[in-house]
1. Scan the helices (runs of 4 or more DSSP H) fully inside segment 303-378 and keep the ones with 2 or more residues being of a type in the set (Lys, Arg).
2. Just a yes or no: is a residue in segment 222-232 outside any loop (DSSP other than H, G, I, E, B) and in contact with an Asp or Glu (Cβ under 7 Å, 6 or more places away or on another chain)?
3. Looking only at segment 357-370, which residues are modelled with pLDDT of 95 or more and either closer than 21 Å to ARG303 by Cβ or open to solvent by less than 70 Å² (accessible area, probe 1.4 Å) (or both)?
4. Would you please name the residue that is farthest from GLU165 (Cα to Cα), looking only at residues in segment 205-240 that are surrounded by 15 or more Cβ atoms within 10 Å (Cβ to Cβ) and among the small types (Gly, Ala, Ser)?
5. Among the numbered criteria (1) touching a residue at least 12 places away in the same chain (Cβ under 8 Å); (2) within 16 Å of GLY168 (Cβ to Cβ), which single criterion is violated by PHE213?
6. For the subset of segment 170-189 comprising residues that are under 13 Å from the mean Cα position of the chain (by Cα) and either part of a helix (DSSP H, G or I) or without any contact (Cβ under 8 Å) to a residue 60 or more places away in the chain (or both), which member is farthest from GLU141 (Cα to Cα)?
7. Which of the residues spanning segment 29-70 are among the polar types (S, T, N, Q), surrounded by fewer than 23 Cβ atoms within 10 Å (Cβ to Cβ) and either in contact with a strand residue (DSSP E or B) (Cβ under 6 Å, 6 or more places away or on another chain) or at pLDDT below 95 (or both)?
8. Out of the residues in segment 71-100 that are assigned to a loop (DSSP other than H, G, I, E, B) and farther than 24 Å from GLU372 by Cβ, state the one that is modelled with the lowest pLDDT.
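The values are calculated or read from the model by the stated rules, or taken from the named source; none is laboratory data. Computed from a predicted structure; not experimentally measured. Note that we place each Cβ from the backbone using ideal geometry, even for glycine, and neighbour counts take in every protein chain shown. Keep in mind that these areas ignore ligands, DNA and RNA; they rest on the heavy atoms of the full protein, side chains included. Shrake-Rupley method; radii C 1.70, N 1.55, O 1.52, S 1.80 Å.
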Amino acid sequence: MASFQLDDQVLIQETLFVRILTLNRPRQLNALSLEMLSRLSQLFLAYEDDANAKLIILKGKGRAFCAGGDVAIVHRRFLEGNLKFGEKIGEKLLTLTYLVATCSKPQVSILNGIVMGGGVGISVHGKFRVATENSIFAMPENSLGLFPDVGSSYFLSRLPGFFGEYLGLTGARLDGAEMLACGLATHLVPSAKLSLLEKSLISRAASATSSSFDLAFISAIIDEHSLQQPALTEKSALHKMDVIDKCFSRPTVEDILSALEKEVTTTDANKAGDEWLASTIRSLKNASPMSLKICLRSIREGRVQAMDECLAREYRISCHVMRGQISKDFREGCRAILWDKDKKPKWKPSSLELITEHMVDHYFSRLDGDEELKLPQRCNLNVFANAKL
């Protein structure tokens, strides 16, 4: 018999062996509030020690899984003079990301709808990521004067070739089939079958022995409801991997832009290729130059770092971004995109050429000793966090 608890922003349903968590802010596209982050962290810690919790299912109510952290409330607190609230949200979000990544209990995330920013962080580090035909993935932080965090320097750097640099820098969107093809999703299930999938997981968890209910068993259940080889659309960026690897492997953002612009002049570029190149270049030119510089360096460092190292570095960067000592682009991005909604941010510095290496170094510098991110002690890091993607 299932029990159901109403916990306002996080709905909790518990069967004998399965814990189902539903993000419940549909009007805000399930953007993660401070309360949600705290509650989810409590639950993940509790389930770690719950012998009956064989499986965690995480999903969202409405048309989004999760659109990310609640950036609007961070900006509102800025305007009210609370300059530390953004750092608190960052600490809670990255700590939850770490708990998800190191959780020994299998997690099935149902990514039906929008999954962006922080929503990616609380799902992609789990073992099973189920996309649907409604899935829309993106890491759009650079267009807001932020940068992709939530362990993105870890998972983006481990995607095929330099596809992670492409996604992180441009904020490009992927559909469910593309998420599956590049490894961000482990399965693609038609949304009409999600209810049946959930029932199957619950019933099989109840009937299986603890030893038999392993990762292979769970994967096989999801496979029964999955599309095995969904076709990519003609316009998919994954068809452009040769150009992506050629351009986004360059050492600097300026070099990447130059390489893309050079591709435009090639004679064999077809119309679809021209549109994709123009859109990619436009996304880079519209983003915060400082965010682009930070993003590329963060992903490159993430290629050789473990999960906890990536999160510690991302927290440092996040705090420096919030404090705005070098650039206040995050506040300007919030004003232009979320507050005044004129969609015309005035970035400072206004161009890549005005940004020195010393300025970028500032964002990667250590915080004062007691300000560094303090992740909880976990015994599963080597086994789980570095092996899920």
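1. On the way: elements: 307-323, 329-334, 357-364.
Helices (runs of 4 or more DSSP H) meeting the threshold: 307-323.
2. First, pick out the residues of segment 222-232 that are outside any loop (DSSP other than H, G, I, E, B): 222-224.
With in contact with an Asp or Glu (Cβ under 7 Å, 6 or more places away or on another chain) added as a condition, the list becomes none.
No, segment 222-232 contains no residue that is outside any loop (DSSP other than H, G, I, E, B) and in contact with an Asp or Glu (Cβ under 7 Å, 6 or more places away or on another chain).
3. First pass over segment 357-370, keeping only residues modelled with pLDDT of 95 or more: 357-367.
GLU357, MET359, VAL360, ASP361, HIS362, TYR363, PHE364, SER365, ARG366, LEU367, listed by residue number.
4. ALA208
5. Going through (1) touching a residue at least 12 places away in the same chain (Cβ under 8 Å); (2) within 16 Å of GLY168 (Cβ to Cβ) one by one, PHE213 breaks only (2).
6. Of everything passing the filter in segment 170-189, MET179 is farthest from GLU141 (Cα to Cα).
7. Here is the first cut: in segment 29-70, the residues among the polar types (S, T, N, Q) are 30, 33, 38, 41-42, 52.
Narrowing further to those that are surrounded by fewer than 23 Cβ atoms within 10 Å (Cβ to Cβ): 33, 38, 41-42, 52.
The answer is ASN52, and nothing else.
8. The initial filter retains those residues of segment 71-100 that are assigned to a loop (DSSP other than H, G, I, E, B), namely 80-84.
Now drop any that are not farther than 24 Å from GLU372 by Cβ, which leaves 80-81.
Details: GLU80: 92, GLY81: 89.
Result: GLY81.
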